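Below: the structure, in structure tokens.
FYI, it's all coordinate maths here, none of it is from the lab. Remember, it's a predicted structure, so these values are computed and weren't measured experimentally. Positions of Cβ are backbone-derived with ideal geometry, glycine not excepted, and every protein chain shown enters the neighbour counts.
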Amino acid sequence: MKNRSLVSINDFTKAEQLQILDRAEEFEKNPNQRILQGKVVASLFFEPSTRTRLSFESAVNRLGGRVIGFSDANSSSTSKGESLKDTILTVSNYSDLIVMRHPIEGSARWASEVASVPIINAGDGANQHPTQCLLDLYTIRQTQGTLDNLNIAFVGDLKYGRTVHSLVMALTQFNTTFHLISPTELKLPSSVKMYIKDANLEYHQYTEITDAIPKIDILFMTRIQRERFSDPMEYERVKNSYILKNSMLEKSRQNLKILHPLPRVNEINEDVDPNPKAYYFQQALNGVFVRQALIAKILGV
Ligand code: CP
């Protein structure tokens, strides 16, 4: 993985993905190791973020490296009309690795083709979010003891949710049975569903969460992605499609864990938070260890 970019989760093999999870377990036990001394990581966020940006920064800081960058494109020369290519060529001169979030699908691939340092895609539009995928895999393995043969439900915005796209693609390597719950307008795109079909795996589609709850090991809730809708009225129509309440979990399996990439809006009621099956804040914490492992692999330390 040394000096390679991570744009799509498929850029790394299953064996490489598992190596990152194993290394992340070491960082979870011992997160403060000064192995990045002298290294500079650029953090270019052209779109808002709390977890991804700050967990990357925390990961680099805990490893003794330095972070440069911006969290708002308006404070960069993009606002003066600079092209993405020129920004990437410039920042390649200042850093050993670039972490980039951008609203345009394919922007991270484009950046990886012009950069002279590796690019980590921290989310490109509605396309992919491979580092979230790695931390989701880590969390699923941590809570279930395995990644194999699980029943996993995805709820909410399966059309625009980039975290869903990356995770579904990765899980097709682990004989997952998929349970897909979304409004008709926000179904999983056929380009992603093809991965399930090509792997000869089962998927079941529902419109109600409660129909799937007794059958699943992981309930992966997602936010309706308001920022991706071209028609605000369409968002208003679907925004409250799914709201998980604690009472809906009565018939759930004992091993069920509820995940969410966060931020949540209202799709998980706060009365779920004290339930031991709610695991989304631990999931966000795991982002630090997984990103430490990924950076260490790419920088070869
Ligand atoms: N999960 C995630 O990508 O969260 P942020 O948008 O806060 O980075």
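By the beta-carbon count within 10 Å of each Cβ, the least crowded to most crowded order of S107, S79, fewest first, is S79, S107.
Taking every alpha-carbon pair under 8 Å whose residues sit at least 6 apart, the chain reaches a relative contact order of 21 percent.
The stretch between D22 and Q254 holds 80.9 nm of extra length on full extension. This uses 0.36 nm per residue minus the Cα-Cα distance. For the range 102-215, DSSP calls about 10 percent of its internal beta bridges antiparallel.
Eigen-decomposition of the gyration tensor built on the alpha-carbon atoms of the range 91-177 gives equivalent ellipsoid semi-axes of 28, 15, 9 angstrom, largest listed first. Taking other residues whose beta carbon is less than 15 angstrom from the beta carbon of I88, and scoring Lys, Arg as +1 and Asp, Glu as -1, yields -2. When I213, I152 are sorted by how many other C-beta atoms sit within 10 angstrom of their C-beta, beginning with the fewest, the order is I213, I152. As a length-normalised measure over Cα pairs under 8 Å and 6 or more apart, the relative contact order of the range 152-300 settles at 23 percent.
Cross-link reach is defined here as a Cα-Cα straight distance under 17 Å, omitting same-chain residues fewer than 8 places apart; for K39 the aspartates and glutamates meeting it are E57, D96.
Which of the lysines could a cross-linker bridge to K251, judged by Cα under 22 Å and excluding same-chain residues fewer than eight apart? Here the lysines satisfying the reach criterion relative to K251 are K215, K277.
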